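For reference, the structure is listed below as C-alpha coordinates.
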Amino acid sequence: MRKIIFLLLGALVCLPMTAETAKEKKANKDTQAYRYEIECAGNAQPGSYLVKVWSYSKKASVAENQCRKNAVHGVLFKGFGGGNGCIAQRAIVNTPGAEDVNKTYFDQFFSEGGEFMKYASIVAGTTETVKVGKEYKVGNVVNVRKDDLRKAMEHAGIIKSFNAGF
Amino acid sequence: MKKVLLLTAVMSMAIAVSAQIKKPELMVFPSENWCITNGYYTEVTNMDYQQKVPAYREALQENTQLKLAIAKINELFAAREFPLEDLEQTLKNIDQERAEDNLTMSKNGNELSETPLDAISRVAKADIILELTWSVNDMGLKHSLTYILEAKDAYTGKSVAAVSGTGDPSMNADVAVLLEEAIVSRMDNFQNSLMDYFGTMQEQGREIRFDIKVFADNEAGVDLETEFGEDELGDIIQRWMAQNTVSQRFSLKAASETHMDFTQVRIPLYDDYGIAMDASSFAKKLQKALKKEPFKIPSKVLMKGLGRAVLIIGEK
(Lines give C-alpha, C1' and ligand atoms only; values in the text may rest on other atoms or scores of the structure.)
Protein backbone atom coordinates (compact mmCIF):
# COMPACT_ATOMS: atom_id res chain seq x y z
CA MET A 1 0.00 0.00 0.00
CA ARG A 2 2.78 2.32 1.02
CA LYS A 3 4.52 1.57 -2.26
CA ILE A 4 1.39 2.50 -4.23
CA ILE A 5 1.01 5.82 -2.36
CA PHE A 6 4.69 6.53 -2.90
CA LEU A 7 4.38 5.81 -6.61
CA LEU A 8 1.27 7.97 -6.95
CA LEU A 9 2.97 10.84 -5.16
CA GLY A 10 6.00 10.44 -7.37
CA ALA A 11 3.81 10.48 -10.47
CA LEU A 12 2.03 13.62 -9.26
CA VAL A 13 5.36 15.39 -8.75
CA CYS A 14 6.65 14.34 -12.16
CA LEU A 15 3.45 15.18 -14.08
CA PRO A 16 3.94 19.00 -14.24
CA MET A 17 7.56 18.47 -15.28
CA THR A 18 6.50 16.13 -18.07
CA ALA A 19 3.80 18.57 -19.14
CA GLU A 20 6.35 21.39 -19.18
CA THR A 21 8.71 19.34 -21.34
CA ALA A 22 5.86 18.48 -23.68
CA LYS A 23 5.00 22.17 -24.10
CA GLU A 24 8.64 22.99 -24.74
CA LYS A 25 8.84 20.17 -27.26
CA LYS A 26 5.72 21.51 -28.95
CA ALA A 27 7.27 24.99 -28.99
CA ASN A 28 10.45 23.58 -30.53
CA LYS A 29 8.40 21.81 -33.19
CA ASP A 30 6.65 25.12 -33.90
CA THR A 31 10.04 26.74 -34.38
CA GLN A 32 11.10 24.01 -36.80
CA ALA A 33 7.82 24.50 -38.67
CA TYR A 34 8.48 28.26 -38.80
CA ARG A 35 5.37 28.86 -36.67
CA TYR A 36 6.41 32.24 -35.37
CA GLU A 37 6.43 35.74 -36.73
CA ILE A 38 9.50 37.89 -37.09
CA GLU A 39 9.66 41.53 -38.06
CA CYS A 40 12.20 44.30 -37.87
CA ALA A 41 12.00 46.34 -34.67
CA GLY A 42 14.28 49.23 -35.66
CA ASN A 43 17.92 49.97 -36.25
CA ALA A 44 20.29 48.05 -34.02
CA GLN A 45 23.92 48.56 -33.09
CA PRO A 46 26.37 47.62 -35.87
CA GLY A 47 26.72 43.85 -36.10
CA SER A 48 23.22 43.18 -34.75
CA TYR A 49 19.60 43.03 -35.86
CA LEU A 50 16.78 44.23 -33.65
CA VAL A 51 13.77 42.02 -34.35
CA LYS A 52 10.36 41.56 -32.85
CA VAL A 53 9.37 37.93 -32.57
CA TRP A 54 5.90 36.55 -31.85
CA SER A 55 5.86 32.98 -30.47
CA TYR A 56 2.89 30.70 -29.67
CA SER A 57 2.27 28.31 -26.80
CA LYS A 58 -0.49 27.22 -24.44
CA LYS A 59 1.71 28.53 -21.66
CA ALA A 60 2.80 32.18 -21.87
CA SER A 61 6.15 31.55 -20.15
CA VAL A 62 7.10 28.89 -22.71
CA ALA A 63 6.24 31.23 -25.57
CA GLU A 64 8.32 33.97 -23.96
CA ASN A 65 11.34 31.70 -23.56
CA GLN A 66 10.91 30.50 -27.12
CA CYS A 67 11.19 34.05 -28.50
CA ARG A 68 14.98 34.07 -28.21
CA LYS A 69 15.26 30.76 -30.04
CA ASN A 70 12.79 31.88 -32.70
CA ALA A 71 14.65 35.14 -33.21
CA VAL A 72 17.90 33.29 -33.96
CA HIS A 73 16.03 30.74 -36.11
CA GLY A 74 14.31 33.54 -38.01
CA VAL A 75 17.52 35.45 -38.70
CA LEU A 76 19.18 32.21 -39.82
CA PHE A 77 16.47 30.69 -42.00
CA LYS A 78 13.66 33.13 -42.60
CA GLY A 79 14.95 36.67 -42.88
CA PHE A 80 12.49 39.48 -42.29
CA GLY A 81 10.63 42.24 -44.07
CA GLY A 82 11.26 45.96 -43.92
CA GLY A 83 9.41 48.65 -41.99
CA ASN A 84 9.94 50.45 -38.69
CA GLY A 85 12.75 52.43 -40.27
CA CYS A 86 14.69 49.41 -41.44
CA ILE A 87 14.95 47.43 -44.63
CA ALA A 88 14.23 43.78 -45.45
CA GLN A 89 17.05 41.34 -44.76
CA ARG A 90 17.71 37.98 -46.34
CA ALA A 91 18.19 34.85 -44.21
CA ILE A 92 21.82 34.17 -43.30
CA VAL A 93 21.45 30.52 -44.37
CA ASN A 94 19.75 30.77 -47.74
CA THR A 95 20.54 27.35 -49.18
CA PRO A 96 17.28 25.41 -49.46
CA GLY A 97 17.20 22.41 -47.13
CA ALA A 98 20.32 23.43 -45.20
CA GLU A 99 18.51 22.98 -41.89
CA ASP A 100 17.59 19.36 -42.71
CA VAL A 101 20.97 18.54 -44.21
CA ASN A 102 22.68 19.71 -41.00
CA LYS A 103 20.01 18.41 -38.62
CA THR A 104 22.43 17.02 -36.03
CA TYR A 105 24.23 20.35 -35.81
CA PHE A 106 21.07 22.41 -35.52
CA ASP A 107 19.42 20.03 -33.02
CA GLN A 108 22.41 20.63 -30.78
CA PHE A 109 22.55 24.34 -31.60
CA PHE A 110 18.89 24.92 -30.70
CA SER A 111 18.76 22.53 -27.72
CA GLU A 112 17.80 23.92 -24.32
CA GLY A 113 20.72 26.07 -23.20
CA GLY A 114 22.33 25.50 -26.61
CA GLU A 115 24.69 27.73 -28.53
CA PHE A 116 21.86 29.87 -29.92
CA MET A 117 21.64 31.61 -26.54
CA LYS A 118 25.00 33.29 -27.17
CA TYR A 119 23.60 35.28 -30.05
CA ALA A 120 20.32 36.67 -28.75
CA SER A 121 19.15 38.75 -25.85
CA ILE A 122 15.63 39.96 -25.07
CA VAL A 123 15.28 43.72 -24.76
CA ALA A 124 13.88 44.30 -21.27
CA GLY A 125 10.34 45.63 -20.99
CA THR A 126 9.27 44.71 -24.51
CA THR A 127 7.12 41.65 -23.74
CA GLU A 128 3.59 41.70 -25.10
CA THR A 129 1.13 38.87 -24.45
CA VAL A 130 -2.06 38.25 -26.40
CA LYS A 131 -4.49 35.37 -25.76
CA VAL A 132 -5.44 33.83 -29.09
CA GLY A 133 -8.05 31.09 -28.68
CA LYS A 134 -6.58 28.42 -26.46
CA GLU A 135 -3.02 29.63 -26.64
CA TYR A 136 -0.88 32.67 -25.99
CA LYS A 137 0.90 34.77 -28.56
CA VAL A 138 3.89 36.40 -26.90
CA GLY A 139 5.97 39.10 -28.54
CA ASN A 140 9.44 40.20 -27.56
CA VAL A 141 12.01 42.51 -29.06
CA VAL A 142 15.24 40.54 -29.40
CA ASN A 143 18.72 41.77 -30.22
CA VAL A 144 20.41 39.18 -32.47
CA ARG A 145 24.18 39.43 -32.95
CA LYS A 146 24.02 38.59 -36.64
CA ASP A 147 27.70 39.13 -37.49
CA ASP A 148 28.79 36.66 -34.80
CA LEU A 149 26.01 34.30 -35.80
CA ARG A 150 27.13 34.38 -39.43
CA LYS A 151 30.73 33.74 -38.38
CA ALA A 152 29.58 30.73 -36.33
CA MET A 153 27.74 29.37 -39.40
CA GLU A 154 30.83 29.93 -41.55
CA HIS A 155 33.00 28.23 -38.96
CA ALA A 156 30.64 25.25 -38.82
CA GLY A 157 30.73 24.99 -42.62
CA ILE A 158 26.99 25.65 -42.97
CA ILE A 159 27.55 28.69 -45.16
CA LYS A 160 30.50 29.89 -47.18
CA SER A 161 32.51 32.87 -46.05
CA PHE A 162 32.52 35.99 -48.21
CA ASN A 163 35.93 35.25 -49.64
CA ALA A 164 35.44 31.49 -49.98
CA GLY A 165 37.11 30.02 -53.03
CA PHE A 166 39.56 32.88 -53.49
CA MET B 1 64.54 8.92 -55.26
CA LYS B 2 64.19 11.23 -52.24
CA LYS B 3 64.82 14.23 -54.47
CA VAL B 4 62.10 13.12 -56.87
CA LEU B 5 59.63 12.67 -54.03
CA LEU B 6 60.55 16.06 -52.59
CA LEU B 7 60.20 17.72 -55.97
CA THR B 8 56.79 16.07 -56.51
CA ALA B 9 55.63 17.24 -53.09
CA VAL B 10 56.77 20.81 -53.73
CA MET B 11 55.08 20.83 -57.16
CA SER B 12 51.84 19.48 -55.69
CA MET B 13 51.88 22.19 -53.04
CA ALA B 14 52.54 24.88 -55.63
CA ILE B 15 49.61 23.67 -57.73
CA ALA B 16 47.35 23.49 -54.67
CA VAL B 17 48.24 27.06 -53.72
CA SER B 18 47.90 28.41 -57.24
CA ALA B 19 44.63 26.49 -57.78
CA GLN B 20 42.82 29.15 -55.81
CA ILE B 21 40.87 31.61 -57.91
CA LYS B 22 42.42 35.03 -58.13
CA LYS B 23 40.61 37.23 -55.65
CA PRO B 24 38.83 40.08 -57.42
CA GLU B 25 39.97 43.58 -56.52
CA LEU B 26 37.15 45.88 -55.42
CA MET B 27 37.20 49.65 -55.12
CA VAL B 28 34.62 52.25 -54.06
CA PHE B 29 34.07 55.30 -56.27
CA PRO B 30 31.62 58.15 -56.05
CA SER B 31 29.39 57.75 -59.11
CA GLU B 32 29.64 60.09 -62.07
CA ASN B 33 26.14 61.32 -61.24
CA TRP B 34 27.14 62.21 -57.65
CA CYS B 35 30.34 63.96 -58.76
CA ILE B 36 28.58 66.10 -61.34
CA THR B 37 25.57 66.89 -59.11
CA ASN B 38 27.92 68.01 -56.34
CA GLY B 39 30.17 70.06 -58.61
CA TYR B 40 33.20 67.78 -58.58
CA TYR B 41 34.01 67.69 -62.27
CA THR B 42 36.12 69.26 -64.95
CA GLU B 43 34.95 70.06 -68.44
CA VAL B 44 36.94 68.87 -71.40
CA THR B 45 36.34 69.25 -75.09
CA ASN B 46 36.09 65.93 -76.80
CA MET B 47 35.33 65.80 -80.51
CA ASP B 48 33.69 69.26 -80.50
CA TYR B 49 31.44 68.71 -77.53
CA GLN B 50 31.85 69.59 -73.88
CA GLN B 51 32.20 66.58 -71.63
CA LYS B 52 31.99 66.59 -67.85
CA VAL B 53 34.59 64.35 -66.27
CA PRO B 54 34.47 63.44 -62.55
CA ALA B 55 37.17 65.06 -60.39
CA TYR B 56 37.70 62.28 -57.85
CA ARG B 57 40.70 63.88 -56.15
CA GLU B 58 38.83 67.14 -55.55
CA ALA B 59 35.82 65.25 -54.22
CA LEU B 60 37.93 63.31 -51.74
CA GLN B 61 39.80 66.40 -50.61
CA GLU B 62 36.72 68.54 -50.06
CA ASN B 63 33.81 66.29 -49.18
CA THR B 64 33.93 64.79 -45.69
CA GLN B 65 30.71 62.83 -46.20
CA LEU B 66 32.27 61.03 -49.16
CA LYS B 67 35.36 60.16 -47.12
CA LEU B 68 33.14 58.88 -44.34
CA ALA B 69 31.01 56.80 -46.70
CA ILE B 70 34.05 55.21 -48.38
CA ALA B 71 35.69 54.55 -45.00
CA LYS B 72 32.50 52.92 -43.71
CA ILE B 73 32.15 50.67 -46.77
CA ASN B 74 35.85 49.73 -46.54
CA GLU B 75 35.37 48.94 -42.85
CA LEU B 76 32.36 46.69 -43.48
CA PHE B 77 34.18 44.76 -46.19
CA ALA B 78 37.29 44.43 -44.04
CA ALA B 79 35.07 42.95 -41.31
CA ARG B 80 34.18 40.19 -43.79
CA GLU B 81 37.89 39.64 -44.47
CA PHE B 82 37.67 41.18 -47.92
CA PRO B 83 39.72 44.40 -47.82
CA LEU B 84 39.04 46.85 -50.64
CA GLU B 85 41.47 48.86 -52.72
CA ASP B 86 41.73 52.45 -51.54
CA LEU B 87 40.74 55.12 -54.06
CA GLU B 88 42.80 57.88 -52.46
CA GLN B 89 45.98 55.80 -52.47
CA THR B 90 45.35 54.79 -56.06
CA LEU B 91 45.00 58.43 -57.09
CA LYS B 92 48.45 59.04 -55.65
CA ASN B 93 49.86 56.18 -57.69
CA ILE B 94 48.29 57.64 -60.80
CA ASP B 95 50.34 60.82 -60.41
CA GLN B 96 53.38 58.72 -61.15
CA GLU B 97 51.94 57.53 -64.45
CA ARG B 98 50.30 60.76 -65.51
CA ALA B 99 53.32 62.37 -67.15
CA GLU B 100 53.92 59.27 -69.25
CA ASP B 101 50.26 59.12 -70.29
CA ASN B 102 50.21 62.78 -71.25
CA LEU B 103 53.20 62.24 -73.48
CA THR B 104 51.48 59.35 -75.22
CA MET B 105 48.34 61.40 -75.67
CA SER B 106 50.12 64.37 -77.23
CA LYS B 107 51.93 62.07 -79.64
CA ASN B 108 48.71 60.62 -80.89
CA GLY B 109 46.93 63.94 -80.89
CA ASN B 110 44.15 62.62 -78.67
CA GLU B 111 43.30 64.81 -75.73
CA LEU B 112 41.15 62.24 -73.95
CA SER B 113 42.04 58.71 -74.87
CA GLU B 114 41.24 57.48 -71.37
CA THR B 115 38.65 58.64 -68.86
CA PRO B 116 39.71 59.19 -65.23
CA LEU B 117 37.70 56.09 -64.26
CA ASP B 118 39.56 54.00 -66.85
CA ALA B 119 42.88 55.37 -65.61
CA ILE B 120 42.07 54.46 -62.01
CA SER B 121 40.79 51.02 -62.99
CA ARG B 122 43.97 50.42 -64.95
CA VAL B 123 46.30 51.49 -62.19
CA ALA B 124 44.33 49.88 -59.38
CA LYS B 125 43.44 46.88 -61.57
CA ALA B 126 40.00 47.02 -59.96
CA ASP B 127 37.89 44.10 -61.18
CA ILE B 128 34.75 45.35 -59.55
CA ILE B 129 33.87 48.98 -59.10
CA LEU B 130 31.49 49.89 -56.31
CA GLU B 131 29.69 53.04 -57.42
CA LEU B 132 28.24 55.13 -54.65
CA THR B 133 25.49 57.73 -55.06
CA TRP B 134 23.40 59.54 -52.50
CA SER B 135 21.25 62.62 -52.39
CA VAL B 136 19.45 64.45 -49.62
CA ASN B 137 15.75 65.09 -50.10
CA ASP B 138 14.46 68.10 -48.21
CA MET B 139 10.83 68.04 -47.16
CA GLY B 140 10.33 71.18 -45.09
CA LEU B 141 11.98 70.61 -41.73
CA LYS B 142 12.47 66.93 -42.40
CA HIS B 143 14.96 65.38 -44.74
CA SER B 144 15.62 61.90 -46.02
CA LEU B 145 18.46 60.25 -47.84
CA THR B 146 18.30 58.36 -51.13
CA TYR B 147 21.17 55.93 -51.47
CA ILE B 148 22.45 53.72 -54.29
CA LEU B 149 25.41 51.35 -54.19
CA GLU B 150 26.07 49.43 -57.38
CA ALA B 151 28.81 46.91 -58.14
CA LYS B 152 29.99 46.82 -61.73
CA ASP B 153 32.38 44.43 -63.37
CA ALA B 154 35.16 46.78 -64.51
CA TYR B 155 35.83 44.87 -67.73
CA THR B 156 32.46 43.65 -68.89
CA GLY B 157 30.72 46.78 -67.58
CA LYS B 158 27.92 44.62 -66.20
CA SER B 159 26.08 45.47 -63.02
CA VAL B 160 26.63 42.52 -60.68
CA ALA B 161 24.98 43.71 -57.45
CA ALA B 162 23.05 46.75 -56.30
CA VAL B 163 21.12 48.11 -53.35
CA SER B 164 19.10 51.29 -53.28
CA GLY B 165 16.38 53.00 -51.33
CA THR B 166 15.19 56.08 -49.53
CA GLY B 167 15.28 56.19 -45.75
CA ASP B 168 12.50 57.48 -43.51
CA PRO B 169 12.29 61.28 -43.22
CA SER B 170 13.99 62.58 -40.13
CA MET B 171 14.04 65.98 -38.45
CA ASN B 172 17.06 65.53 -36.23
CA ALA B 173 19.51 63.21 -37.91
CA ASP B 174 22.56 64.69 -39.53
CA VAL B 175 23.26 63.73 -43.18
CA ALA B 176 26.43 61.89 -42.13
CA VAL B 177 24.38 59.80 -39.67
CA LEU B 178 21.70 59.06 -42.29
CA LEU B 179 24.42 58.06 -44.76
CA GLU B 180 26.09 55.73 -42.28
CA GLU B 181 22.72 54.16 -41.42
CA ALA B 182 21.93 53.65 -45.11
CA ILE B 183 25.27 51.95 -45.72
CA VAL B 184 25.16 49.70 -42.66
CA SER B 185 21.54 48.59 -43.07
CA ARG B 186 21.94 47.67 -46.73
CA MET B 187 25.41 46.16 -46.63
CA ASP B 188 24.33 42.59 -45.79
CA ASN B 189 22.02 42.45 -48.80
CA PHE B 190 24.70 43.99 -51.01
CA GLN B 191 27.37 41.57 -49.87
CA ASN B 192 24.95 38.65 -50.31
CA SER B 193 24.34 39.69 -53.93
CA LEU B 194 28.08 39.96 -54.49
CA MET B 195 28.54 36.50 -52.98
CA ASP B 196 25.92 35.16 -55.42
CA TYR B 197 27.94 36.67 -58.24
CA PHE B 198 31.17 35.14 -56.93
CA GLY B 199 29.35 31.78 -56.62
CA THR B 200 28.13 31.98 -60.23
CA MET B 201 31.64 32.83 -61.33
CA GLN B 202 33.01 29.81 -59.50
CA GLU B 203 30.35 27.52 -61.04
CA GLN B 204 30.11 28.86 -64.59
CA GLY B 205 33.61 30.16 -65.03
CA ARG B 206 35.02 33.62 -65.23
CA GLU B 207 33.37 36.03 -67.64
CA ILE B 208 35.75 37.93 -69.84
CA ARG B 209 35.80 40.06 -72.95
CA PHE B 210 38.11 38.96 -75.68
CA ASP B 211 38.98 40.95 -78.80
CA ILE B 212 40.90 39.75 -81.80
CA LYS B 213 42.46 42.33 -84.07
CA VAL B 214 44.78 42.20 -87.08
CA PHE B 215 47.96 44.21 -87.56
CA ALA B 216 47.62 46.26 -90.75
CA ASP B 217 49.88 45.02 -93.57
CA ASN B 218 51.31 42.40 -91.26
CA GLU B 219 54.36 40.28 -92.03
CA ALA B 220 52.39 37.03 -91.98
CA GLY B 221 50.00 38.43 -94.58
CA VAL B 222 46.89 37.16 -92.85
CA ASP B 223 43.54 38.51 -91.80
CA LEU B 224 40.45 36.82 -90.38
CA GLU B 225 39.22 35.89 -93.87
CA THR B 226 42.43 34.07 -94.82
CA GLU B 227 41.57 30.49 -95.78
CA PHE B 228 43.14 27.39 -94.26
CA GLY B 229 41.79 24.40 -96.11
CA GLU B 230 38.07 25.00 -96.51
CA ASP B 231 37.68 27.35 -93.57
CA GLU B 232 38.41 30.98 -92.97
CA LEU B 233 40.57 31.88 -89.98
CA GLY B 234 37.59 33.58 -88.28
CA ASP B 235 35.56 30.34 -88.42
CA ILE B 236 38.50 28.34 -87.08
CA ILE B 237 38.84 30.76 -84.17
CA GLN B 238 35.11 30.47 -83.44
CA ARG B 239 35.42 26.66 -83.30
CA TRP B 240 38.41 27.01 -80.99
CA MET B 241 36.33 29.26 -78.74
CA ALA B 242 33.55 26.66 -78.60
CA GLN B 243 36.04 23.99 -77.56
CA ASN B 244 37.78 26.08 -74.94
CA THR B 245 34.96 27.94 -73.18
CA VAL B 246 32.79 26.59 -70.37
CA SER B 247 29.70 24.95 -71.92
CA GLN B 248 30.49 26.81 -75.18
CA ARG B 249 29.37 30.06 -73.59
CA PHE B 250 30.40 33.08 -75.62
CA SER B 251 28.84 35.66 -77.91
CA LEU B 252 30.38 37.05 -81.04
CA LYS B 253 29.28 40.65 -80.86
CA ALA B 254 31.00 41.92 -84.01
CA ALA B 255 33.11 40.31 -86.72
CA SER B 256 34.91 41.58 -89.79
CA GLU B 257 38.06 40.66 -91.67
CA THR B 258 40.13 42.63 -89.16
CA HIS B 259 38.21 42.36 -85.94
CA MET B 260 36.31 39.87 -83.77
CA ASP B 261 34.69 41.04 -80.55
CA PHE B 262 33.77 38.20 -78.18
CA THR B 263 31.66 39.08 -75.16
CA GLN B 264 30.17 37.01 -72.31
CA VAL B 265 33.00 34.56 -72.73
CA ARG B 266 33.02 32.08 -69.87
CA ILE B 267 36.48 30.68 -69.38
CA PRO B 268 37.46 27.85 -67.04
CA LEU B 269 38.83 29.01 -63.71
CA TYR B 270 41.88 26.76 -64.01
CA ASP B 271 44.06 25.66 -66.89
CA ASP B 272 45.25 22.08 -67.53
CA TYR B 273 47.92 22.48 -64.86
CA GLY B 274 45.47 23.69 -62.21
CA ILE B 275 46.70 27.26 -62.48
CA ALA B 276 44.10 30.03 -62.23
CA MET B 277 43.16 31.49 -65.61
CA ASP B 278 42.40 35.05 -66.54
CA ALA B 279 41.68 36.77 -69.84
CA SER B 280 45.32 37.03 -70.86
CA SER B 281 46.13 33.38 -70.14
CA PHE B 282 43.07 32.42 -72.21
CA ALA B 283 44.32 34.64 -75.04
CA LYS B 284 47.78 33.09 -74.77
CA LYS B 285 46.22 29.67 -75.21
CA LEU B 286 44.80 30.76 -78.56
CA GLN B 287 48.11 32.43 -79.39
CA LYS B 288 49.85 29.07 -78.95
CA ALA B 289 47.25 27.28 -81.08
CA LEU B 290 47.71 29.79 -83.92
CA LYS B 291 51.47 29.45 -83.74
CA LYS B 292 51.28 25.75 -84.60
CA GLU B 293 50.90 24.06 -88.01
CA PRO B 294 49.15 24.66 -90.35
CA PHE B 295 48.59 28.29 -89.31
CA LYS B 296 52.01 29.44 -88.11
CA ILE B 297 50.60 32.87 -87.33
CA PRO B 298 52.55 35.09 -84.94
CA SER B 299 50.44 37.23 -82.61
CA LYS B 300 50.63 39.60 -79.67
CA VAL B 301 48.59 39.47 -76.47
CA LEU B 302 47.63 42.72 -74.79
CA MET B 303 46.44 42.31 -71.22
CA LYS B 304 43.78 44.70 -70.00
CA GLY B 305 43.34 43.43 -66.47
CA LEU B 306 41.99 40.08 -65.35
CA GLY B 307 38.81 40.31 -67.39
CA ARG B 308 39.82 41.60 -70.79
CA ALA B 309 42.47 40.73 -73.35
CA VAL B 310 43.24 41.58 -76.95
CA LEU B 311 45.01 39.24 -79.34
CA ILE B 312 46.52 41.04 -82.32
CA ILE B 313 47.46 38.64 -85.08
CA GLY B 314 49.95 38.91 -87.90
CA GLU B 315 53.05 40.02 -86.00
CA LYS B 316 54.62 39.67 -82.60
So, in segment A:77-102, how many residues would count as being within 13 Å of chain B (Cβ to nearest Cβ), touching an Asp or Glu at 6+ places or on another chain (Cβ under 8 Å) and at negative phi? 5
Considering segment B:34-74 alone, what residues qualify as being assigned to a helix (DSSP H, G or I), among the hydroxyl-bearing types (Ser, Thr, Tyr) and surrounded by fewer than 18 Cβ atoms within 10 Å (Cβ to Cβ)? B:THR37, B:THR64
Checking the structure you have, find out if any residue of segment B:198-209 is farther than 15 Å from B:TYR147 by Cβ and small (Gly, Ala, Ser). yes
Of residues in segment B:175-219 being surrounded by fewer than 19 Cβ atoms within 10 Å (Cβ to Cβ) and of a type in the set (Val, Ile, Thr), the one farthest from the other protein chains (Cβ to nearest Cβ): B:VAL175
Selection status of B:GLU257, touching a residue at least 24 places away in the same chain (Cβ under 8 Å), in the same structural domain as B:GLY307 (by TED's automatic domain parsing) and surrounded by fewer than 17 Cβ atoms within 10 Å (Cβ to Cβ): yes
Name the residue that is farthest from the other protein chains (Cβ to nearest Cβ), counting only residues in segment B:75-98 that are part of a helix (DSSP H, G or I), touching a Leu at 6+ places or on another chain (Cβ under 9 Å) and under 14 Å from A:PHE162 (Cα atoms). B:ALA78
Residue check for A:ASP147: more than 14 Å from every other protein chain (Cβ to nearest Cβ), part of a helix (DSSP H, G or I) and out of contact with any Asp or Glu (no Cβ under 6 Å at 6 or more places or on another chain): no
So, of the residues in segment A:106-120 that are in contact (Cβ under 8 Å) with a residue 40 or more places away in the chain and either surrounded by fewer than 16 Cβ atoms within 10 Å (Cβ to Cβ) or hydrophobic (A, V, I, L, M, F, W, C) (or both), which turns out to be farthest from the other protein chains (Cβ to nearest Cβ)? A:GLU112
Checking B:GLU293 against (1) among the acidic types (Asp, Glu); (2) in contact with a strand residue (DSSP E or B) (Cβ under 9 Å, 6 or more places away or on another chain); (3) over 29 Å from B:THR200 (Cα atoms): exactly one of these is not met. Which one? (2)
Residues within segment A:95-142 that are in a helix (DSSP H, G or I) and closer than 12 Å to A:VAL72 by Cβ, tallied: 7
Within segment B:267-303, restricting to residues that are in a loop (DSSP other than H, G, I, E, B) and surrounded by 19 or more Cβ atoms within 10 Å (Cβ to Cβ), the one that is nearest to the chain's Cα centre (by Cα) is B:ASP278
Residue check, B:VAL177 against (1) at pLDDT 85 or above; (2) aliphatic (A, V, I, L, M); (3) more than 23 Å from B:MET139 (Cβ to Cβ), all met but one. Which one? (3)
Do we have A:ILE92 as modelled with pLDDT of 80 or more, among the aliphatic types (A, V, I, L, M) and part of a loop (DSSP other than H, G, I, E, B) here? yes
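The values are calculated or read from the model by the stated rules, or taken from the named source; none is laboratory data. Because the structure is predicted, anything quoted here is derived from the model rather than measured. Here the Cβ is made from the backbone with ideal geometry for all residues, glycine too, and neighbour counts use every protein chain on show.
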